[in-house]
Amino acid sequence: DAPGCLAGLRARLHAGHAALGPAVELARAAESARWARLALALGRDRPPALVVAADHRVDLLLLAEPAFAAELADAALAPLAALPAATRARLLETLDAWLRHRGAASAAAAELHVHAQTVRYRVGRLRALLGARIDGAEGRLELELALRARRLGPPSR
């Protein structure tokens, strides 16, 4: 945690992936190493870099229990499972952008390179499929975690 240490570590990493667990007392070193190993999995599809576990706590939480995360994703997104693959992909991409932009259709539309009305139409379809959860804080959290779990882990069963 000393000033400049993180920047120094990043500067020395020339190739490959590395991960840094949280700074802890010696008795908890194994726990820090576990978080670092999980964080290392986050770098697998990215350019070589230092992955700092403390910067990815939500993702690490999902990686710590992959079976539970997959089950959460399957259950939360089950209403979309029967849709054709292309339709499901568009709706999931829209849901992800819409959630990240806190329901702002115009911002989600700009990210997706579609008209804001297209986002509103897709969110209407999502609302019909997912029900009231899409409008409640708990439901939106569950949906966002489900989308993250899908991005992080292997495809669900």
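The values are calculated or read from the model by the stated rules, or taken from the named source; none is laboratory data. Model, not experiment: these values are computed from the prediction. So basically every Cβ, Gly included, is an ideal-geometry build from the backbone, and we count neighbours across all protein chains shown. Each accessible area value is taken on the protein alone, full model and side chains, heavy atoms only, with ligands, DNA and RNA left out. Shrake-Rupley method; radii C 1.70, N 1.55, O 1.52, S 1.80 Å.
Can you give me the solvent accessible area of GLU93 with a 1.4 Å probe, rounded to the nearest 10 Å²?
100
When the accessible area of the chain is split by element with a 1.4 Å probe, what percent falls to carbon and sulfur?
Result for the chain: 59 percent of the exposed heavy-atom area is carbon or sulfur.
Positive end of the charge dipole of the chain (Lys, Arg +1 and Asp, Glu -1 on Cβ, about the Cα centre): tell me which of GLY103, VAL58, VAL123 has its Cα farthest that way.
Projecting each Cα onto the dipole axis, the largest value belongs to VAL123.
Starting from the Kirkwood Rh over alpha-carbon pairs, what translational D in µm² s⁻¹ does the chain have by Stokes-Einstein at 37 °C and 0.692 mPa s?
Result for D is 186 µm²/s.
Nothing charged except the Cβ atoms of Lys and Arg (+1) and of Asp and Glu (-1): what's the magnitude of the dipole of the chain about its Cα centre? Round to the nearest 20 debye.
In total the dipole reaches around 440 debye.
Hey, what's the range 67-128 come to in accessible area per residue, 1.4 Å probe, Å²?
Averaged over the residues of the range 67-128, the accessible area is 54 Å².
With +1 assigned to the C-beta of every Lys and Arg and -1 to the C-beta of every Asp and Glu, and no other charges, what is the dipole magnitude of the range 41-112 about the Cα centre in debye, to the nearest 20?
So the dipole magnitude of the range 41-112 works out to roughly 180 debye.
For ALA19, enumerate residues with amide H under 5 Å from its amide H, sequence gap 5+ or separate chain, H modeled in the peptide plane.
VAL51
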